[in-house]
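This report refers to the structure that appears directly beneath it.
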Amino acid sequence: MGSRVIIAGTGMEQSMSMTVGAKNAAENADILIGAKRILEGFGHLNKVLFSSYDSREIAEFIAENRNKKITVLMSGDCGFFSGTKKLSHELDRLGIEYEIIPGIASPVYLCSKLGISWERIRFVSLHGSRANIVREVCANEYVFVLVGNENDCGDVCRKLTDFGRCGVKVIIGERLGYPDEKISEGTAEEFSDIITSKLSSMLIINPEYEKYLRSGIPDDEFIRGKAPMTKAEIRCSAVSKLCIGEEDICWDIGSGTGSVAVEMALRCPQGTVYAVEREIEAVQLSEKNFRKFGCDNIMSVFGRAEECLDELPAPDCVFIGGSGGHLADIVKNILEKNPYARIVMTAVTLETLHESECLGEREIVQLTAAHTVRAGYHTMLRGENPVFIIRRIGE
């Protein structure tokens, strides 16, 4: 077996922010591998250069040159949204040993410039991926965003503004570490039309972030209309039974005002909730609630569930608040897409309770809630309709 391969982080600009270990790895190598932009900073070393972004191509090139000392150069730090992850898998597959030397990541660099501690930051990358950036900002005091093109900073700020978060503080770092480095501070609204360098990152600060996960949001906080709404106490219990994970794909069938979709979305900030509703007025109303609660991870789906579910990705969790008389077809569709999907539904009539037999083995809970109301000098309880909460017991 030849010499070990070294994967080295180059920091911001391959000079002042590059560690001594990484510099030594570059200087002692026979071959340097990396993206064209990175390799341009090492031309003075007179090494053999191999330019590539493709992890498999890089690994195969290394395999063909096992007798050489090879250093693969990665921008920033090898553990922060880096190609190191894919490359290490390819090298493991080929049985090639390697060593990783860390670099200085952009959030560490930017925060040091600003005098801000970074251990509480939520990190998001827009490099070739979609992120629920509004939900992230609502749920975290600090969000660092690694952008991928000139329009990303403006796109993020426009989205925040569209969802009513126009006043959050935004700090944009362009070409960090380079001689023409630029750091700008403002609000999301002020930066909604900004065009920046591709080599940019953002730090978004929201002092009014959600300090706890809300459950059973009071009914009067939702924008109301004629669309039906699952009440707070029922909603709280039903959503809890779905055991929603942070990256789950969820369906809310018969979304109504969107109250259940909102509480599902709060629990899957890196996932997506598909809110299915057949009444256009309800769709329009629910979208207002999605914006009010900062849920850009909810996708509205207008149409009849039995006709449009085929187009949706397989769900991890499903809440059925209304089926339009097609419950059996809906359940069949869910289980065909994912036999292990967690399903919870509600029923207010005995007929719907009977129809729920199509779920198979079930857990059934009947809840009755009552709220206090004033009656002159006295306080009395006013009851809500009893509701059945039905959970499918999975295989």
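Each reported figure results from applying straightforward, stated rules to the coordinates on display, with no laboratory input. Owing to the predicted nature of the structure, the values given are computational and were not obtained by experimental measurement. Ideal geometry is used to build each Cβ from the backbone, glycine not excepted, and the neighbour counts take in all protein chains shown.
Structure above, values below:
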{"quantity": "Which numbered condition E247 fails, given (1) in contact with a Gly (Cβ under 6 Å, 6 or more places away or on another chain); (2) surrounded by 23 or more Cβ atoms within 10 Å (Cβ to Cβ); (3) of a type in the set (D, E, K, R)", "calculated": "(2)"}
{"quantity": "Every residue from the stretch 99-115 that is touching a residue at least 40 places away in the same chain (Cβ under 8 Å) and among the hydroxyl-bearing types (S, T, Y)", "calculated": "S106, Y109"}
{"quantity": "Residue that is surrounded by the fewest Cβ atoms within 10 Å (Cβ to Cβ) [pool: residues in the stretch 353-395 that are more than 19 Å from D329 (Cβ to Cβ) and of a type in the set (K, R)]", "calculated": "R374"}
{"quantity": "Count - residues of the stretch 333-352 that are surrounded by fewer than 17 Cβ atoms within 10 Å (Cβ to Cβ) and among the hydrophobic types (A, V, I, L, M, F, W, C)", "calculated": "2"}
{"quantity": "Helices (runs of 4 or more DSSP H) (entirely within the stretch 277-395) containing at least 3 residues that are closer than 16 Å to G258 by Cβ and among the hydrophobic types (A, V, I, L, M, F, W, C)", "calculated": "280-292"}
{"quantity": "Among the residues listed as N46, N65, the single one being touching a residue at least 12 places away in the same chain (Cβ under 8 Å), more than 26 Å from the chain's Cα centre (by Cα) and more than 27 Å from K211 (Cα to Cα)", "calculated": "N65"}
{"quantity": "Matching entry among S192, S201, S125 (being under 22 Å from the mean Cα position of the chain (by Cα) and closer than 21 Å to F290 by Cβ)", "calculated": "S192"}
{"quantity": "Wholly within the stretch 163-275, strands (runs of 3 or more DSSP E) carrying at least 1 residues that are touching a helix residue (DSSP H, G or I) at 6+ places or on another chain (Cβ under 9 Å), among the aliphatic types (A, V, I, L, M) and farther than 24 Å from G324 by Cβ", "calculated": "169-174, 182-187, 200-205"}
{"quantity": "Test: residue in the stretch 137-146 that is over 30 Å from G258 (Cβ atoms) and not aromatic (F, W, Y)", "calculated": "yes"}
{"quantity": "Criterion: touching a residue at least 24 places away in the same chain (Cβ under 8 Å), within 22 Å of S125 (Cβ to Cβ) and in contact with a Leu (Cβ under 8 Å, 6 or more places away or on another chain) - qualifying residue of S75, S82, S17, S55", "calculated": "S55"}
